[in-house]
């Protein structure tokens, strides 16, 4: 009888899988939060800046959006390591994924700020509001309300794109599943489980987004 080098899935693997799940959640939430904050700032600056500054910032964002995320991850991790300052995969992945998220969020928020019609701003200023008061009470509420569906779409994409961080060694769900597949030779069961996990996260968020859209439309 031949010796088998593969072992089937067991409950002992649940801790390893849970680690991958939690790591995926950690890096996704961090990237969405940081990318949203930076994107809000960038979107506001682009909406307010002159044409030259706007074009310059737009060019940088176009590069971040156009270059595939997997290439950005590899180049950043390799370059930082070559400079003598290697970062652990979580830090490298978080930085790149956050900037990638910012590039998309920046365009989302810029559209939101620009969707607020100038007569509304002029009216607010004529009623005695300062520039920052008009921003806080007029532009932000209306603009953010308009871009919520787009923001949610970007956030859902980031959750799925976080799987690419595995190429630099971060132990998220996809990388843990790859190791389990190598050990168990049960790719179908494992990949179905991974797909179910992403569905469990994404589908409720989609339902919540539809609920918020209906609520804001009232």
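The alpha carbon convex hull volume per residue for the chain rounds to 154 Å³.
Ordered from longest to shortest, the equivalent ellipsoid semi-axes for the range 82-152 are 37, 14, 9 Å, each the square root of 5 times a Cα gyration tensor eigenvalue. For residue 185 and residue 18, the difference between the fully extended length at 0.36 nm per residue and the C-alpha to C-alpha distance is 58.2 nm. I'd like the orientation of helix 51-66 relative to the chain: the angle between its Cα long axis and the longest Cα principal axis, in ° from 0 to 90, rounded to 10. For 51-66 against the chain, the angle is about 20 degrees. The coefficient of translational diffusion for the range 64-111, derived via Stokes-Einstein from the alpha carbon Kirkwood radius under 4 °C and 1.567 mPa s, stands at 114 µm²/s.
Counting neighbouring Cβ atoms within 10 Å and putting the fewest first, the residues 123, 36 line up as 123, 36.
Where in the range 93-117 is the amide nitrogen less than 15 Å from a point lying 7 Å along the Cα-to-Cβ axis of residue 26? The answer is 93-95. Considering all C-alpha pairs of the range 25-145, those separated by over 22 Å amount to 46%.
Using only Cα atoms, find the angle between the long axis of helix 140-161 and the longest principal axis of the chain, and express it within 0 to 90 degrees, rounded to the nearest 10. Taking Cα atoms only, the helix is inclined about 20 degrees. Could you compute the FRET efficiency for residue 157 and residue 56, with r as their C-beta to C-beta distance and R0 at 22 Å, rounded to 0.05? With R0 = 22 Å, the Cβ-Cβ based efficiency is 0.30. Kirkwood's formula applied to the C-alpha pairs of the range 104-218 gives a hydrodynamic radius of 17.3 angstrom. Based on DSSP H segments of at least four residues, each scored -39500 (n - 2.57), the chain has a per-residue ellipticity at 222 nm of -26500 deg cm²/dmol. Over the chain, Cα pairs under 8 Å with separation of 6+ residues give a relative contact order of 32 percent.
Relative contact order for the range 32-121: what percent, with Cα pairs under 8 Å and sequence separation of 6 or more? Relative CO of the range 32-121 lands at 55 percent.
A crude spin-label estimate for the pair residue 145 and residue 122, with each label 7 Å from Cα along the Cβ direction, gives 2.2 nm.
Taken together, the values in this text are just the output of simple stated rules run on the coordinates, not laboratory data. Fair warning: this is a prediction, and the values are worked out from it, not measured in the lab. Because the Cβ atoms are built from the backbone with ideal geometry, glycine has one as well, and the counts that use them run over all protein chains shown.
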